[in-house]
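Just so you know, all these numbers are worked out from the coordinates, no wet-lab data involved. Computed from a prediction, not measured in an experiment: that's the story for all the values here. Cβ atoms come from the backbone with ideal geometry, glycine included; neighbour counts cover every protein chain shown.
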């Protein structure tokens, strides 16, 4: 007797049919309802941080001026200590990391 190895086994076919029926029977949301719910939740997120905390206070940041022993790298624009200076050309200073 010849065996067709491409044919799905009966026990596998039954479990596939059951899981398909279960998925169809589940009350899955349609795409329009999901988009509508996401849009509604986005409009409610004003004043919240990504973690969900409410920010009701003003944030204050103190800006410290560049010190005499510091420079701003012309390549990465970070403020570095003068010990990290690699070279200076045409009035522009470069740090060791950008030159390395």
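Structure notes:
- The distance between label points at residue 37 and residue 72 comes to 4.8 nm (points 7 Å beyond Cα on the Cα→Cβ vector).
- Compared with the direct C-alpha span, the chain from residue 57 to residue 6 gains 11.7 nm at full extension, assuming 0.36 nm per residue.
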